[in-house]
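Colleague: Handing you this structure, nothing more for now.
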Amino acid sequence: MTHVRYWVFNYMPEWEAVSKEITTLLDGLGDPLETSLVSLNTADRRLQLSGRVRRVPLPYGLPFYPLLRRHAAAADINHLFASAGERWLSPMLTRRSSVLTVAKGSGSLAVIARNAERLRAYRAVVVQSDRDRDLMRQLGVAETALHLIRPGVPLFPYREATGRFTILFASSPLSAEDFLSRGIHLIVRVASRLPDVRFILVWRRRHVEMLRRMIAEAAVGNIEVEDGVIPDMGAMYDRVHAAVLPALEHRSFVPAPRSGLESLAHGKPLLVSTQVAIAPALQASRAGVVFEPSVDGLESAVGQLRRSYDALQPNAQRYLKENFSPSIHLELHRRLYQRLGT
């Protein structure tokens, strides 16, 4: 039996897109693969060194580095989900049978460029967008080592939203410094221009008072904040007409933003800025509206989506089904591990 050990920073499947993808692999691959996970956490201080899911708080990561090396050595395949600029685990994992999935954004292209030699050392590099595939080619990652595998997201029954046109944002930043990059200021300014449109912001507690203060200072009355874990996000998607991913930079969102994909899974089209990795394919499939990340750009996109909603909405699930199939996601990973294990 081949043992695949996943590695990730901050495993939070109740919140975070990459964690949800890893969970589908942990639970969905089955025999002849054995799967486990090591999570290095910046916020969670729990230390858990046994069991299928192991957790090491990053402040203690350095003293536990020899133990992490033993964990890596005990696996047949080590599969890291991180940014292309990751430099802490890479030296250890690339000495063994290792895979990198470029599932998170890096601070800048310069950070990725400095990591080119390590990227070329992986036995396989998995990307989730055409943009990242081209970047890896430019940096000299061999075609035989390069794989495009998009996350799998199941479809859900479409339920038509009623009442005032409502837009969901469900990708709150972990850091206050990322409010601008993630488009929070942009949403607030556009909401003030569109009082007949309702905006719902699903938030994960961090810096929520800063958000509420920003909304109050702008005197915006059409933004609702849902703070904390939402027990039934499906019901939330059913309530809205669309979701928005208002990135100001490529690094603002992961290559395959889960909140956007889950919106599509419920049949709700997207508003995405040109800085989101899925923007070109989404525009080609007419499953939403792509806009320049500016106040005028997003305001115009909302108007375009409202006018064209009946034409665009049926394309949402079609685009997801064609590009983010759960069965294909699992099968491509099985094939990858089979090839690496031989």
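Readers should treat all values here as calculations from the given coordinates under stated rules, not as data from a laboratory. If you're wondering where the values come from, they're calculated on a predicted model, not measured in any experiment. Glycine gets a Cβ as well: all are built from the backbone with ideal geometry, and neighbour counts include every protein chain shown.
Colleague: For residue 67 and residue 1 in the same chain, what is the full-extension length gain: residue separation times 0.36 nm, less their Cα-Cα distance, in nm?
Modeller: 21.5 nm
Colleague: Between residue 88 and residue 176, how high is the FRET efficiency from 1/(1 + (r/R0)^6) when r is the Cβ-Cβ distance and R₀ = 30 Å? Nearest 0.05.
Modeller: Here the calculated transfer efficiency is 0.80.
Colleague: Sticking with this structure for a sec: Enumerate the amide H contacts of residue 94 below 5 Å, restricted to partners 5 or more residues apart or on another chain; note that Pro and chain-start residues carry no placed amide H.
Modeller: Under 5 Å from the amide H of residue 94 lies no amide H from a residue far enough along the sequence or on another chain.
Colleague: In debye, nearest 20, what is the charge dipole magnitude of segment 166-322 about its Cα centre with +1 on Lys and Arg Cβ and -1 on Asp and Glu Cβ, if you could check?
Modeller: It comes to approximately 180 debye.
Colleague: In a GNM of the chain with a 10 Å cut-off on Cα contacts, which of 242, 43, 281 has the highest mean-square fluctuation?
Modeller: In this elastic network of the chain, the residue with the biggest mean-square fluctuation among 242, 43, 281 is 43.
Colleague: Just name one of 80, 108, 122: the one whose Cα is farthest towards the positive end of the charge dipole of segment 30-133 (beta-carbon charges, Lys/Arg +1, Asp/Glu -1).
Modeller: Going by the charge dipole, the pick is 108.
Colleague: Quick one: what do you get for segment 233-329 if you divide its Cα Rg by 2.2 N^0.38 Å?
Modeller: 0.99
Colleague: So, one more: Return the sequence-ordered ³J(HN,Hα) values of segment 321-335 in whole Hz as given by the Karplus equation 6.51 cos²θ - 1.76 cosθ + 1.60 applied to θ = phi - 60°, using x for Gly and Pro.
Modeller: 4, 6, 10, 9, 6, x, 5, 5, 4, 5, 5, 5, 5, 4, 5
Colleague: What are the residues whose amide H is under 5 Å from the amide H of residue 291, where those residues sit 5 or more places off or on another chain and H is modelled from the backbone?
Modeller: 272, 273, 274
Colleague: Among 27, 132, 238, which one shows the biggest mean-square fluctuation in a GNM of the chain, springs joining Cα atoms closer than 10 Å?
Modeller: 27
Colleague: May I ask for log10 I(q)/I(0) of segment 1-144 at q = 0.10, 0.20, 0.22 Å⁻¹, from a Debye sum over the Cα atoms as equal point scatterers with solvent left out?
Modeller: Debye curve over Cα of segment 1-144, log10 I(q)/I(0) at q = 0.10, 0.20, 0.22 Å⁻¹: -0.32, -1.34, -1.55.
Colleague: List the residues whose amide H sits under 5 Å from the amide H of residue 12, counting only those 5 or more places along or on another chain, with H placed 1.01 Å from N in the peptide plane.
Modeller: Correct list: 19.
Colleague: Hey, what's the Cα Rg ratio for segment 166-322 versus the globular rule of thumb, 2.2 N^0.38 Å?
Modeller: So the Cα radius of gyration is 0.95 times the expected 2.2 N^0.38 Å.
Colleague: Which whole-Hz ³J(HN,Hα) couplings does segment 184-200 yield from phi under the Karplus relation 6.51 cos²θ - 1.76 cosθ + 1.60, θ = phi - 60°, glycine and proline marked x?
Modeller: Those phi angles translate into 5, 4, 4, 4, 4, 5, 6, 4, 5, 8, 10, x, 8, 9, 9, 10, 10 Hz.
Colleague: If you put +1 on each Lys and Arg Cβ and -1 on each Asp and Glu Cβ, how big is the dipole of the chain around its Cα centre, in Debye rounded to 20?
Modeller: My answer is approximately 880 debye.
Colleague: Under 10 Å, Cα contacts only: if you run a Gaussian network model on the chain, which one of 154, 257, 32 comes out with the highest mean-square fluctuation?
Modeller: Among 154, 257, 32, the largest mean-square fluctuation in the Gaussian network model of the chain belongs to 32.
Colleague: Over all directions, the average projected area of the alpha-carbon convex hull for the chain comes to how many nm²?
Modeller: In nm², the orientation-averaged hull projection of the chain is 16.8.
Colleague: Run a plain Debye calculation on segment 36-94 (Cα atoms as equal point scatterers, no solvent) and give log10 I(q)/I(0) at q = 0.12, 0.21 Å⁻¹, rounded to two decimals, same order as the q list.
Modeller: The Debye formula, applied to the Cα set alone, gives -0.26, -0.87.
Colleague: Something else: List the lysines whose Cα lies under 18 Å from the Cα of residue 104, skipping any in the same chain that are fewer than 8 positions away.
Modeller: 20
Colleague: HN-Hα J couplings of segment 91-108 from phi, Karplus 6.51/-1.76/1.60, θ = phi - 60°, integer Hz, Gly and Pro as x?
Modeller: x, 6, 6, 6, 7, 10, 5, 9, 10, 10, 9, 7, 10, 10, x, 9, x, 7
Colleague: Hey, another quick one. Between residue 50 and residue 36, 0.36 nm times their residue separation minus their Cα-Cα distance comes to what?
Modeller: Taking 0.36 nm per residue and subtracting the Cα distance, the gain is 4.0 nm.
Colleague: Relative to the compact globular guide of 2.2 N^0.38 Å, what is the alpha carbon radius of gyration of segment 180-221, as a ratio?
Modeller: 1.11
Colleague: Let's test the formula: R0 of 25 Å, r as the Cβ-Cβ distance of residue 294 and residue 143. What FRET efficiency results, to the nearest 0.05?
Modeller: 0.10
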